[in-house]
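Engineer: The following block contains the structure, expressed as structure tokens.
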């Protein structure tokens with residue numbers, strides 16, 4: 001290699017070294033906690049102004065870095081765990097601001113998880129989508145760790161029952177996998193409940209069967225209904241408040 005080639009190689013590696021040093025210095029400047037700190041938080045939401053301040057407090061507590069290193073996903077998860085917040089989106093606004101967009105929850109559900117002995121080991125409030133129309137706080141229960149599955153079952157059945165003018169007051173999946181629900185037919189009366197026994201398999205299909213029969217034959221006598229057993233391949237059994245015997249109703 002001639003002198004010209006060695007000179008070019010020296011310049012090449014020298015340039016790489018300088019670029020590396022610049023990158024290290026730049027990274028240190030950007031990542032050092034005391035630099036580029038978050039100074040402002042803007043909340044965009046239909047929530048009352050007092051709730052904007054609550055959102056800001058949650059965000060400030062969740063900030064664990066500067067403008068470039070802050071964990072936006074972690075802040076969103078912290079917000080969505082707070083009662084009344086269904087969805088949160090956090091974005092950076094140069095040079096020192098976070099913009100937080102919040103979609104409020106209009107209703108809550110109570111969750112309780114049980115261990116294999118039936119002892120309660122989990123308690124939580126679940127923010128329901130603004131699309132869910134309820135006037136009661138549903139109580140959801142099941143084995144610990146199955147909150148998501150029980151919530152999905154609630155959302156599926158709540159839509160079906162809403163079309164019949166009914167609401168889910170409670171929904172539980174037992175340790176053996178069987179589902180049962182309490183349905184409220186008068187939101188002004190907490191005791192205006194009908195027990196639905198749904199069994200282990202195809203519970204949503206059985207709720208569909210119930211709503212169909214309810215609209216056709218039972219709605220006018222709703223206040224007399226005590227329990228509806230849907231654990232049949234076809235049909236259902238109705239227990240009335242005014243009598244002990246059960247009447248078979250075929251779909």
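Read-outs: derived from the displayed coordinates by stated rules, not from any lab. Remember, it's a predicted structure, so these values are computed and weren't measured experimentally. Ideal geometry is used to build each Cβ from the backbone, glycine not excepted, and the neighbour counts take in all protein chains shown.
Engineer: Once you have a ≥ b ≥ c as the square roots of the Cα gyration tensor eigenvalues for segment 40-104, tell me rounded if a/c is under 1.5, and otherwise prolate or oblate according to whether a/b is larger than b/c. Numbers along the way, then the final one.
Structural biologist: Working: a/c = 1.90, a/b = 1.49, b/c = 1.28.
Prolate is the answer for segment 40-104, as a/c is 1.5 or above and a/b outweighs b/c.
Engineer: Now for a different question. On a full-extension model of 0.36 nm per residue, what is the gain between residue 137 and residue 195, subtracting their alpha-carbon distance, rounded to one decimal in nm?
Structural biologist: Full-extension gain reported as 19.2 nm.
Engineer: Can you sort 93, 63, 85 so the residue with the fewest Cβ neighbours within 10 Å comes first?
Structural biologist: On the way: 93 12, 63 16, 85 23.
Listing 93, 63, 85 from fewest to most nearby Cβ atoms yields 93, 63, 85.
Engineer: While we're looking at this one, here's another question. Would you mind getting me the FRET efficiency between residue 125 and residue 208? Use the beta-carbon distance for r and R0 = 35 Å, nearest 0.05. Present the calculation step by step, with values, prior to reporting the outcome.
Structural biologist: Details: r = 29 Å, r/R0 = 0.82.
After rounding to 0.05, the efficiency reads 0.75.
Engineer: I want to check the label-to-label distance for residue 240 and residue 39. Put each point 7 Å from Cα in the C-beta direction and report it in nm to one decimal.
Structural biologist: So the label points at residue 240 and residue 39 sit 7.5 nm apart.
Engineer: Just check segment 100-182 against the gyration tensor rule for me: Cα atoms, a ≥ b ≥ c as the square roots of the eigenvalues, rounded for a/c under 1.5, and otherwise prolate or oblate depending on whether a/b exceeds b/c.
Structural biologist: oblate
Engineer: Using only the Cα atoms of segment 173-219, build the gyration tensor, take square roots of its eigenvalues as a ≥ b ≥ c, and label the shape rounded, prolate or oblate: rounded if a/c is under 1.5, else prolate if a/b is larger than b/c, else oblate.
Structural biologist: Numbers: a/c = 3.50, a/b = 1.30, b/c = 2.69.
Oblate, since a/c reaches 1.5 and b/c is not below a/b.
Engineer: Separate question: Efficiency by 1/(1 + (r/R0)^6): what FRET value for residue 149 and residue 97, r their Cβ-Cβ distance, R0 = 35 Å, to the nearest 0.05? Please report the intermediate quantities before stating the final value.
Structural biologist: Numbers: r = 39 Å, r/R0 = 1.12.
That pair, residue 149 with residue 97, gives E of 0.35.
Engineer: State the extension gain, in nm to one decimal, for the chain segment bounded by residue 220 and residue 60, taking 0.36 nm per residue of separation less the distance between their alpha-carbons.
Structural biologist: 52.2 nm
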